[in-house]
Amino acid sequence: MSSHDLNLLARAEVRDLASYNAGLSTEAVRKRFGLTRVAKLGSNENPLGPAPAVTAAMTQACSSIALYPDANCLELRAALSEKLGIPANQLVFGNGSEDLLSIISRVFLDHDDEVVTVVPSFGLHFIYPIAAGARVLGIPMTAEGAFDVPAMIDALTPRTRLLMFSCPSNPVGCTLNAEELQRLLAALSPQCLLVFDEAYFEYARFEADYPDCLGLIQASGKPFILLRTFSKAYALAGLRVGYGIVSDPLLADLIDRLRTPFNVNSVAQAAALAALADDGHLQATLEHVARERRRLVVALQEMGVSTAPSMANFLYFTTAWPGEVINQALLREGVIIKPWREAGYARHLRVSIGSCEDNDLFLVALATVLAVQETRTY
C-alpha cells in the first residue's frame, strides 16, 4: 500500500494532527554535534533529581514486578488524600498527567464539541481534543504575557464542553490571580467542565502571590478536574505519575471506565509515595528554582532579552531572530532549550531552570549566539 492509502486508514481527525514536540535527548545532541557536555534545559525537569528515599523505594518495589500493580493506587491515594485533605474517591491517577488529558478528551468530548484553551499552549491541550473530533479555540495571551480573561469568557458558548488550560501557563509561566479566576469560574455553565492543569503547582505555591486555586475552584460549585504531576517538582519525569482532583466522585468513575486498568506501574507508585513524604527535598528544589530563576531573569535582561513573568521552573523569552535559528545555534553550543512552533510565536523560546552549572552554560552560549546574530544582521 502507498503512504497515501495507509494514511486513509486513520480517522480523519488524526491525519492532519501535528506531532507533539517532545524535545531532544541529551544523548542525541551529544552524538549529533560531537559534544562532551550538554545542558538539557528543554523539558522542565528537576535538576536536583528525586528525593534520596526514592531509589530505595524503587529497589524494594522491583522485588514484585512479576505481579500486576495495584490498579487503584491505594497507598498513594491514601497518602495524597491525607496530604491534600481531599476524599480518596475524588482522586484519579494516570501514567503522567498527559495520560489523564487523553482520557478526559475521550470521555467528555464528541464530534463538533468546542474546547476553549489559550495560546501559546501546551500542545496536548490541542492534540487530544482535536483527535476526539472537537473544535479547539485558542485565546491568545496578552502582549504582556498574561491570561486574557475577558477574551476567554467571551469565547465560551453553549457548545463549550471543556475550558482547559495550564496555570501556571506552559509555556509562558504566568498565573491567574484570585479575582481573575473567580471571574472565569462565574462565567462557566454547569455543562462546561473546567480542566485546570496545575502541573507546576508546587513552584507557584512557593510564591506569595499565588492564590489557592483549588480552594477557589471548589468553592465555585462548578464541575472540574484539576491536574497535577510528580514529573516536575518531585523529579519523577522518567516514571510517569500524574493525578487529578475531581469535583465529584462520578467524574472519577467516568474517567476510570476508559483508563487502562494498570496505568501506573508498581515502581512508579512506590517512588511517588517516597517523594511525597520528603518535604525537605521538595523545599530545596523550590528554593533553588526561585533563586536561579531570578538570576536568569537579570542576566537575560542585561543581554537585552525580555522574559515573561514566570512562577514556574522555566522562562519564556523572545529575541529579534527566529526561535529555530537560536535553537539550532544553541544546540551546537551544547544547550537544549525549546523553540515555540505555534503560529505567531516563532520568535519565542522556553528555557528550563537547571543546575547552576547548566544555567551558566546556557547564559554563556546564548550571549555568544546573540553576538553572532548581531554581526550577521549588520
Query raised in the report: Mean Kyte-Doolittle of at least 0.0 and a Cα length of 27 Å or more along the axis: which whole DSSP H helices of the chain meet both?
Result: 356-377
Requested in this report: Run through every distinct alpha carbon pair of the range 2-133 and return the Kirkwood hydrodynamic radius in angstroms, one decimal place.
Outcome: 19.3
Query raised in the report: Cross-link partners among lysines for LYS31, C-alpha distance below 22 Å, same-chain residues fewer than 8 apart left out?
Result: LYS40, LYS338
Query raised in the report: For the chain, what is the percent of antiparallel DSSP beta bridges, rounded to the nearest 5?
Result: 45
Report summary line: Counting sequence-distant residues (5 or more places) and residues on other chains, those with an amide H built under 5 Å from that of ALA39 are VAL335, ILE336
Query raised in the report: In bins 10 Å wide, starting from 0, what share of all Cα pairs of the chain does each bin hold, as a percent?
Result: 5, 22, 31, 27, 13, 2, 0
Query raised in the report: Which value, in Å² and to the nearest 10, is the accessible area of HIS111 when all protein chains are kept and the probe is 1.4 Å?
Result: 100
Requested in this report: Pop the C-beta distance of ARG294 and THR368 into the FRET formula with R0 = 25 Å and round what comes out to the nearest 0.05.
Outcome: 0.65
Report summary line: Carbon plus sulfur, as percent of the 1.4 Å-probe accessible area of the chain, comes to 55
Requested in this report: Return, ordered by residue number, the residues of the range 161-182 whose backbone nitrogen is under 16 Å from a label point located 7 Å along Cα→Cβ of ARG106.
Outcome: none
Requested in this report: Report the residue, chosen from CYS213, CYS62, CYS192, that carries the largest GNM mean-square fluctuation when the chain is represented by alpha-carbon nodes joined by springs under 10 Å.
Outcome: CYS62
Query raised in the report: Rounded to the nearest whole Å², what accessible area per residue is found for the chain with the 1.4 Å probe?
Result: 44
Requested in this report: Please identify, among SER105, SER97, SER306, the residue showing maximal mean-square fluctuation in a Gaussian network model of the chain using a 10 angstrom Cα cutoff.
Outcome: SER306
Requested in this report: Classify the range 206-329 as rounded, prolate or oblate, taking a ≥ b ≥ c as the square roots of the eigenvalues of its Cα gyration tensor: rounded when a/c is under 1.5, otherwise prolate if a/b is larger than b/c and oblate if not.
Outcome: prolate
Query raised in the report: Where is the GNM fluctuation largest for the chain (alpha-carbon springs, 10 angstrom cutoff): LEU41, LEU24, LEU100?
Result: LEU24
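The values are calculated or read from the model by the stated rules, or taken from the named source; none is laboratory data. These figures come from a predicted structure and were not determined experimentally. In this analysis, Cβ positions are derived from the backbone assuming ideal geometry, glycine residues included, and neighbour counts consider all displayed protein chains. Surface accessibility is based on the protein's heavy atoms, side chains included, excluding ligands, DNA and RNA. Shrake-Rupley method; radii C 1.70, N 1.55, O 1.52, S 1.80 Å.
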